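Just below is one structure, and these are the notes that go with it.
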Amino acid sequence: MSIRGLIAEAQRLPRPFTVDEVRGLATPRGIEAAVARGELVRVAPGHYASALHSESWSVRSLAACAWMPSGSALTGRGALFERGILEQAPDVADVVVPRGCHRRGPDWVRVVSQTHPISAELMPRGTVTADAPLALIHAFAREPEYSRESLVYGACAAGRIDPGTVTELVDRLPRVRGRRRLVRLLGNAADGIESHLELQGATTVLTGAAFANIVRQHRLTVRRDSYRVDAYDPPTRTAFEFDGGQWHSRPSQRVRDLRRDAVLTSAGIATVRFGYWDVVERPQWCRAIALRTLAERAA
């Protein structure tokens, strides 16, 4: 096969090619010329890819797994993405290696080492991925402060990570960056909190003896259709929703919210919705509305 054939094959398949593979398809001189022209890229030691795909997660994750030492695994956001817990692939591949392993990798790989045994799994796509609890701990350590809440709540809300299991692992690991905050967020997630707005609502609005019966993240089934509400008061059949602007301001979501409220109303369930700014800027007003609603419905 000519160098053009190799480049065409690399463009067709978004994966890394080993040195042996590319040498079997083209001459060393042709390969070096293609690299010099920018048509082929060395994505990792001993691995090439088409420039077209060289920065994709599909290529980088496989190249990272081929590069990393035995007993290592993808971790952090990349591992959570591989497991379907996060929707967006990262630009950087985090790799956890056994302590004492030293190897220089490409600039898009970040390495963390640990003495605790690394529990990992071979995924269908061919990547070796750390278990979800360990991956979340490592992702949290790298996450900017402003998005740590959404990372933990989002991962736990997906139903693929048990907050209690992560907390147990945190207790066993000798070093965890941001340990106190992570444990606190995991505790909130275990209590059914799925966003910062819900946390605000739980601590400033639906708090106190009057809301002792509140069930968080409650699922209601009406005529075989299932609906999940942020909070529910069983004695008064009242649902409370905290609407973040990112999702509930969209026209399509607003229509779905109205239809859902109508269905729940047909089953005798009243829905009280609080918007983001009301919860954040005037929680006492929200609390007063919630208290009056429960009192009226109880009567």
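The values are calculated or read from the model by the stated rules, or taken from the named source; none is laboratory data. What you see is a predicted model; the values in this text were computed from it and never measured. As a convention, Cβ positions derive from the backbone with ideal geometry for all residues, glycine included, and neighbour counts pool all protein chains shown. Accessible surface areas use protein heavy atoms only, side chains included; no ligands, DNA or RNA. Shrake-Rupley method; radii C 1.70, N 1.55, O 1.52, S 1.80 Å.
Look through segment 177-194, keep the residues that are buried (at least 19 other Cβ atoms within 10 Å of the Cβ) and not in a helix (DSSP H, G or I), and return whichever of them is modelled with the lowest pLDDT.
My answer is GLU194.
Let me confirm something: among VAL263, VAL280, VAL255, which residue is closer than 24 Å to CYS156 by Cα and among the aliphatic types (A, V, I, L, M)?
Testing whether each residue is closer than 24 Å to CYS156 by Cα and among the aliphatic types (A, V, I, L, M) leaves just VAL280.
Among (1) modelled with pLDDT of 95 or more; (2) in a helix (DSSP H, G or I); (3) open to solvent by less than 10 Å² (accessible area, probe 1.4 Å); (4) not hydrophobic (A, V, I, L, M, F, W, C), there is one condition THR129 misses while meeting the rest; what is its number?
(2) is the only condition that THR129 fails.
Of everything in segment 105-126, what is in contact (Cβ under 8 Å) with a residue 40 or more places away in the chain, closer than 25 Å to ARG42 by Cβ and either acidic (Asp, Glu) or open to solvent by 90 Å² or more (accessible area, probe 1.4 Å) (or both)? Give them in sequence order.
ARG125
Tally time: how many residues in segment 260-291 are open to solvent by 40 Å² or more (accessible area, probe 1.4 Å) and either small (Gly, Ala, Ser) or within 29 Å of the chain's Cα centre (by Cα) (or both)?
Of the residues in segment 260-291, 8 are open to solvent by 40 Å² or more (accessible area, probe 1.4 Å) and either small (Gly, Ala, Ser) or within 29 Å of the chain's Cα centre (by Cα) (or both).
Would you say ALA135 is aliphatic (A, V, I, L, M), in contact with a Ser or Thr (Cβ under 7 Å, 6 or more places away or on another chain) and under 17 Å from LEU74 (Cα atoms)?
It is true that ALA135 is aliphatic (A, V, I, L, M), in contact with a Ser or Thr (Cβ under 7 Å, 6 or more places away or on another chain) and under 17 Å from LEU74 (Cα atoms).
May I ask you to list the residues in segment 5-58 that are of a type in the set (S, T, N, Q) and either within 36 Å of the chain's Cα centre (by Cα) or within 22 Å of VAL109 (Cα to Cα) (or both)?
Hits for segment 5-58 are GLN11, THR18, SER50, SER54, SER56, SER58.
Looking at (1) at pLDDT 90 or above; (2) small (Gly, Ala, Ser); (3) within 29 Å of THR167 (Cα to Cα), which is the only condition ALA298 fails?
(3)
Can you name the number of the only condition in (1) touching a helix residue (DSSP H, G or I) at 6+ places or on another chain (Cβ under 8 Å); (2) among the small types (Gly, Ala, Ser); (3) open to solvent by 20 Å² or more (accessible area, probe 1.4 Å); (4) not in a loop (DSSP other than H, G, I, E, B) that GLY24 fails?
For GLY24, the failing item is (1).
Quick check on segment 148-163. Is at least one of its residues of a type in the set (Phe, Trp, Tyr), out of contact with any strand residue (DSSP E or B) (no Cβ under 9 Å at 6 or more places or on another chain) and at pLDDT 95 or above?
Within segment 148-163, the first condition is being of a type in the set (Phe, Trp, Tyr), and the residues that meet it are 153.
Among the residues that remain, those that are also out of contact with any strand residue (DSSP E or B) (no Cβ under 9 Å at 6 or more places or on another chain) are: 153.
Checking the rest, the ones that are also at pLDDT 95 or above come to none.
Scanning segment 148-163, I find no residue that is of a type in the set (Phe, Trp, Tyr), out of contact with any strand residue (DSSP E or B) (no Cβ under 9 Å at 6 or more places or on another chain) and at pLDDT 95 or above, so the answer is no.
Identify, by number, the condition in (1) farther than 15 Å from LEU86 by Cβ; (2) among the aromatic types (Phe, Trp, Tyr); (3) in contact with a Gly (Cβ under 7 Å, 6 or more places away or on another chain) that TYR146 doesn't meet.
(3)
Counting just the residues of segment 216-241 that are farther than 16 Å from LEU291 by Cα and among the aliphatic types (A, V, I, L, M), which one comes out surrounded by the fewest Cβ atoms within 10 Å (Cβ to Cβ)?
So the residue we want is VAL222.
Could you tell me whether any residue of segment 33-41 is of a type outside the set (A, V, I, L, M), part of a helix (DSSP H, G or I) and open to solvent by 40 Å² or more (accessible area, probe 1.4 Å)?
no
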